[in-house]
Every structure is written in C-alpha cells, then in structure tokens.
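Below: the structure, in structure tokens.
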Amino acid sequence: MDSEIVFLFLQQGIASGLVTGSVYALLALALVIVFRTTDVANFAEGEFYMAAAYLAFFLIALVGLPIWIAAPAMVVAIAAAAGLFQRVVLRRVAAARGVSVNLVIATLGLSYVLKGFVRATGFGDTPRSFPSVVPEGSITLGHASLSYLDLAILGAALAVMAAFFAIFNLTRTGRAMRAVGMNRRAAQLVGIHLGRTERLVWIFAGGISAIAAILIAPKLLMTAEMGGVVTLAFAAAIVGGFASLPGAVIGGFIIGIAENLVGLFVSTRAITVAPFVIIMLVLIFKPQGLFGGRLRVRKV
Amino acid sequence: MSARTLTAVAVLLIGLSLALPALATGYVVYIGNLLLVFVVLSLGLHIVIGEAGQFSLAHAAFYGIGIYTAALSAKVLGLPFWLALPAGGLLAALCGLAIGVLSLRMRDIYLALSTFAFGEAMQWVFLNWTPVTGGPNGLAIPPAEVFGHPILTDKAAFPLVAGVTLVIVALVAGLHASGLGRAFRAVRESEVAAAAVGINVRRTKLLAFTLSAFLAGAAGGLFTTFSTFIHPDSLGFQTTILVLTMIVVGGVGSVTGALGGAVAFGLVSELLRQVPSYQEMIYGGILILVMMYAPRGVFTLVGRR
C-alpha cells in the first residue's frame, strides 16, 4: 500500500470515525452517568436506543407526525420510560438486595422485554430504513468526503454533549448528581434527595440514548438487534475509564476512528472483533482507563 | 447442599437413567441431556461467581472450547469419550487460568467487561477460524465412543451424561463443604480479611477460575456425546447470560440453587420456544420479577439447614 493511499484512508477513516464515534460517545455518556451515580452497569442501554428508533419510526412513518413534533415527543417518552424503570424496578431491586449482579440482571431483563416487545409488534422482523430530514449531498474536507447527514449528526451530538456538560457542571441538579456519585451518605446529609437524583440520572440517560437513536437511525437499517451497538459504547466507556464523562466522549471518538481504520486497513471482518480486543487491551494494561484517575478504594 | 438433597439427586438421576430411555420419546430424552449439560455449566459458573464472588461473563467461551476440543479430538485423533471429555475440560481450564490472571488486577464491572470481551472475541474466533471449527458452516460432531461402542442416540447417551453429572454434582457439593470452599467464600466476602487469616488470595482466585472453566469445558464434552452438530451462534453472550440467570434465579452461592435454577430455567427457556413471539418478553419479565421479589433466588430455601 503506497503512502498516498495510506494518507487518503487515514483522512477518510478519521472523518467517518468522528461521525460514528459521536454516537458511541453519546451512548457511552449515558452508560457512565448511570454507573457513576447509581452503580448500575446498564445492559439495557442498547435497547433504550433501539426502542427509541422504533418509536420515532412509528410516530413518523405510521402516525404521520412531522419530525419536529415526533422527535421531541419520542425523546420525552423514552426518558420517562427510563425514569419509570428506575422508580418501579431498580429501586425495589436495590432495596431487596443491593448486589450489583442483581441490578445487572434486572437491566438484562428489561433489555429482553424491550427486544421481545419490538419483535412482537412485527416491525422488528424486516430491517427498515428511517426517513432522513437532511438533504442529500456531501462536502469534501481534504481527501475525506462527508455527507450533510454526517455533518448534522456530528454537530447535533456535539451540541447535546455541550448542553449535558453545562447541566452536569453548572446547575444545582448536576452538582447533586455528582455528589451522589462521590458519596451517597454525605450527599444525603447535605439535603440531596437520593431517589429523585437517581431517577433524574436515568431520565437523562434515556433522553441521551433517544437523541443518539434519532441522529444515527437514518444512517443504518433498523432491526430488533440494533442495540448490539452498545458494545462499542461499553468499549468507549472503558477506554475513558468508566467513571469520567470527558473520558467517555473521547473514548467514543477513539473507538469510532479505530473501528473505521480497522475496516479500511485490516479487513471488514475484523471490525466486529476490534472493540473486544480494545476492551481487553485497555483493561489489561491500564485497568482504570485513560481518564479514570486512580482506582477507587472501597471499604473492606 | 445437604447429604439428604445429594442422595435425592442421586436417586432421581439413577431412576431417570433406568426409566427415561424406556418410557420417553427421543425429544424428551434430548431435553433431559441438555438440562444436565446446563446443570454442569451452572455449577461451573457457581464456583466462580457464587463461591468466589468473581464476576465472569466468559462461560460460553469455555463451554465452546470444551465442545470443539472434545469433538475434534474424537474426530481427528480418534480419542474415546473418556479421554475427549477431560481434554476439553483441560484446555478450557488452561484458558480459564489465563482469564483468572485478569481477576488479580481488576474487579466488579471491569472484570465483568473484560471477561465479556474475551467471550465475544472467542466467539469471533469460533466463527472465523474456518479450517478448524468449520466457521459459519458449523461442525459435525462424530458419535462419542465408549469402550469401542459408538453412542448413536440421545437415549443411549443419557445414562452416561447422568453419571458424569452426578459425579460433578457430588464433587461440587463436597467442594462447597471443604476448606477450599470456605476459602472461596472468604475471598468473596473480603479479600483483606481472607488474606489476614492466611488464605492465599491469588491462588484461590486462580483456582476458582480454573475449576469453573474446567467444568464448562466438561459440560462441552458432555454435549458432544448426544449432539451431532455445533454452530458458533449458540456459543455467544446469550448462552453466558442464560447460565448466569440460572444461578442467580436459583440462588447465588448455593449449590442447590445452581442445580435447581439450571433445571427450572432450562425447562422454561425450552418451553418458551413454543411461543417464539412472546419468548423474550416472558423471559425478561421473569428476570425482573425474580430480582424484585426473590432477590436471593428461588431455590435457596431448599436444602438450607
């Protein structure tokens, strides 16, 4: 492979990687805020995203709502559903026996229920494509070509991330979420309502997943299995240290770019195994991730 | 598991070995075989999660290593069953030892995710190492041979599968009551406290992973006695989750729980195949409800003194 093609592949890989990476970053962000504040590894994250894509499809293509009504309605509905799951199920599971494996299994149960529900509606059987609101066309940056849709995805994802960081760092609610993540009892002592804060975190996570779904859905075919993309979000979260929000975002971009470069330079078959190799390498050589800081010391 | 429960299990398995092949249809016996394989798989995962408290999500990979090793050593080397099964177990145990090394460096979610990644990477290997595993075409498993006689039907395999399962159940029950079992649980409760009373935490963790993987590999070897075909699709995260839910729904930390969970949940997932459109919803619903209302498992009350 001569250097000119390598250079061209690099540019295209990085450009496309930034676009897909921005979606992984959003999903990783949802995983990390939930893990940080409520100590739950949410294995239903991918199914939130899948359910959101189908709900949007249902509202737009079957009910006939215009997208500027359907999209916000869908995001609100998914966020509310995530909050409801925390309120009804997780609170009870944590109170009954707050062991992490039990919480993980409860989220796995939800992921099966959502997948089964979408399949039972009959829409999940055949892959469907999602209508795009962004006009066709593309621009060229250097040697890389990006469609208008790609640019819209990247721009919207960055805007959502910026908004979320502002909420998390500047508002009282965001500070409450961070406090609960640092020390639950101390947070409670200074007057933070634990249950409400945890519920809000789940609502935020559901909303972010729904936004990720509406952004990327026009680019890919919808199936009941599309939640599998969450593996890449897990990989992104791990690269970023699993407890760091900027880490999750940078991890998302790293995974997106790595995936595209592996596809271009190695083979398309290697794409599917790349995230797992990355997860293992990062965990073996730097278990706390690139931005995880020092390991948390737990009470013995 | 009390001696009485163990005796009951032994009587049940011996009785079934005598009665089932004569009375039941081939399909029912096949389900029986499959349930026993799930029992062995669950007991393996029970050792690492239930006893030693290490979160492992690579069980299906060890199971697959056991299946491919046993099937290929019978096919290529012509090994009889009583050598092929331990060969599968040993190779799986070797990989388990390597994964156990990870557990020395990380815990909880990090350990869960790295073992998950190993499991998925292994499934990719099964799927893409076509010259050895047959890749996406799957692999035909030759009939297992016992003292020169090939086992050709589910009915012929059942007494053999039941016998090996019984031995493994007894060994795991014995392990639970032994000093090593107590060392496992001490590490689960607190590594610092375990080290303080003189338990070698490193060795205990490595042993838990190795034993767990050995049992998963042995379960794979058992699978080759009655099954004629294996495809990598059945060796992924779904299978690990099925086994995980068996021990959690049955009752984490209890041998009876792992056993009961494997039989009950194996039956449920087999019955749910009859209603494919509601299968996942019912399955997920059961998981959520059990976690909400029976967080210590459904079978932990049985056999607890």
**Asked** Which one of these is of a type outside the set (A, V, I, L, M) and free of Cβ contacts under 8 Å to residues at least 60 places away in the same chain: B:42, B:56, B:73?
**Response** B:73
**Prompt:** Of all residues in segment B:249-274 being within 13 Å of chain A (Cβ to nearest Cβ) and closer than 18 Å to residue B:238 by Cβ, which is most open to solvent (accessible area, probe 1.4 Å)?
**Reply:** B:268
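Look through segment B:133-153, keep the residues that are in a helix (DSSP H, G or I) and away from chain A (no Cβ under 14 Å), and return whichever of them is surrounded by the most Cβ atoms within 10 Å (Cβ to Cβ).
The first filter runs over segment B:133-153 and keeps only residues in a helix (DSSP H, G or I), leaving B:133, B:135-137.
Keeping just the survivors that are away from chain A (no Cβ under 14 Å) gives B:133, B:137.
Details: B:133: 23, B:137: 10.
Going through the qualifying residues, I end up with B:133.
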**Complete:** Listed by first then second residue, the pairs whose first member lies in segment A:94-119 and is within 16 Å of residue B:289 (Cβ to Cβ) and within 7 Å of another protein chain (Cβ to nearest Cβ), whose partner is surrounded by fewer than 20 Cβ atoms within 10 Å (Cβ to Cβ) and charged (D, E, K, R), with beta carbons under 8 Å and at least 6 positions apart or on separate chains, are A:97/B:296
**Item:** Answer residue from segment B:154-213, given it is under 30 Å from residue B:225 (Cα atoms) and polar (S, T, N, Q) and is farthest from the other protein chains (Cβ to nearest Cβ) among those
**Value:** B:165
**Prompt:** Does segment A:71-81 include one or more residues that are out of contact with any strand residue (DSSP E or B) (no Cβ under 6 Å at 6 or more places or on another chain), modelled with pLDDT under 90 and over 18 Å from residue B:281 (Cα atoms)?
**Reply:** yes
**Fill in**
Taking segment A:173-191 and keeping only residues that are open to solvent by 50 Å² or more (accessible area, probe 1.4 Å) and either of a type in the set (A, V, I, L, M) or part of a helix (DSSP H, G or I) (or both), one is left with A:173, A:175, A:178, A:182, A:184, A:185, A:188, A:189, A:190
**Those residues of segment A:76-116 which are in contact with a Pro (Cβ under 6 Å, 6 or more places away or on another chain) and of a type in the set (Lys, Arg), in sequence order** = A:97
**Prompt:** If the Cβ limit is 7 Å and pairs must be 6+ apart or interchain, which residue in segment B:107-132 that is within 7 Å of another protein chain (Cβ to nearest Cβ) pairs with which residue that is open to solvent by less than 10 Å² (accessible area, probe 1.4 Å) and not aliphatic (A, V, I, L, M)?
**Reply:** B:109/A:242; B:113/A:234; B:128/B:135
**Fill in**
Taking segment B:193-248 and keeping residues outside any helix (DSSP H, G or I) and either open to solvent by 40 Å² or more (accessible area, probe 1.4 Å) or within 30 Å of residue B:179 (Cα to Cα) (or both) leaves B:197, B:198, B:199, B:200, B:228, B:229, B:231
**Prompt:** How many of the residues making up segment B:88-117 are open to solvent by 30 Å² or more (accessible area, probe 1.4 Å) and modelled with pLDDT of 90 or more?
**Reply:** 6
**Where residue B:253 falls short, out of the listed (1) assigned to a helix (DSSP H, G or I); (2) at pLDDT below 90** = (1)
**Prompt:** What tally of residues in segment B:146-169 results from selecting those that are among the aliphatic types (A, V, I, L, M) and more than 13 Å from residue B:16 (Cα to Cα)?
**Reply:** 7
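So, of the residues in segment A:141-172 that are of a type in the set (Val, Ile, Thr) and part of a helix (DSSP H, G or I), which turns out to be least open to solvent (accessible area, probe 1.4 Å)?
A:153
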**Prompt:** Checking residue A:59 against (1) more than 10 Å from chain B (Cβ to nearest Cβ); (2) over 15 Å from residue A:214 (Cβ atoms), which test does it fail?
**Reply:** (2)
**Asked** Listed residues B:146, B:187, B:201; which is of a type in the set (A, V, I, L, M) and under 30 Å from residue B:78 (Cβ atoms)?
**Response** B:146
**Request:** Could you tell me which of the residues A:257, A:250, A:271 is at pLDDT below 85, surrounded by fewer than 22 Cβ atoms within 10 Å (Cβ to Cβ) and within 21 Å of residue A:26 (Cβ to Cβ)?
**Result:** A:271
**Prompt:** Are there any pairs with C-beta distances below 6 angstrom linking a residue in segment B:280-299 that is more than 7 Å from chain A (Cβ to nearest Cβ) and touching a residue at least 24 places away in the same chain (Cβ under 8 Å) to a residue that is open to solvent by less than 60 Å² (accessible area, probe 1.4 Å) and assigned to a loop (DSSP other than H, G, I, E, B), with the two at least 6 apart or on different chains, and if so which?
**Reply:** B:297/B:251; B:299/B:251
**Message:** Give me the helices (runs of 4 or more DSSP H) completely within segment A:192-300, filtered to those with at least 3 residues that are within 23 Å of residue A:37 (Cβ to Cβ) and more than 10 Å from chain B (Cβ to nearest Cβ), ordered by residue number.
**Reply:** A:194-216, A:230-239, A:245-265
**Fill in**
Filtering segment A:74-132 down to residues that are assigned to a helix (DSSP H, G or I), open to solvent by 20 Å² or more (accessible area, probe 1.4 Å), closer than 18 Å to residue A:47 by Cα and among the small types (Gly, Ala, Ser) yields A:77, A:80, A:81, A:120
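Of everything in segment B:183-192 that's in a helix (DSSP H, G or I) and free of Cβ contacts under 8 Å to residues at least 24 places away in the same chain, which residue is surrounded by the fewest Cβ atoms within 10 Å (Cβ to Cβ)?
Taking segment B:183-192 first, the residues in a helix (DSSP H, G or I) are B:183-189, B:191-192.
Checking the rest, the ones that are also free of Cβ contacts under 8 Å to residues at least 24 places away in the same chain come to B:183, B:186, B:191-192.
Values: B:183: 22, B:186: 20, B:191: 18, B:192: 9.
Among those that are in a helix (DSSP H, G or I) and free of Cβ contacts under 8 Å to residues at least 24 places away in the same chain, it is B:192.
The values are calculated or read from the model by the stated rules, or taken from the named source; none is laboratory data. For clarity, every value in this text was computed on a predicted model and none was experimentally measured. A quick note on method: Cβ atoms are made from the backbone with ideal geometry, for glycine too, and the neighbour counts reach across all protein chains shown. Surface accessibility is based on the protein's heavy atoms, side chains included, excluding ligands, DNA and RNA. Shrake-Rupley method; radii C 1.70, N 1.55, O 1.52, S 1.80 Å.
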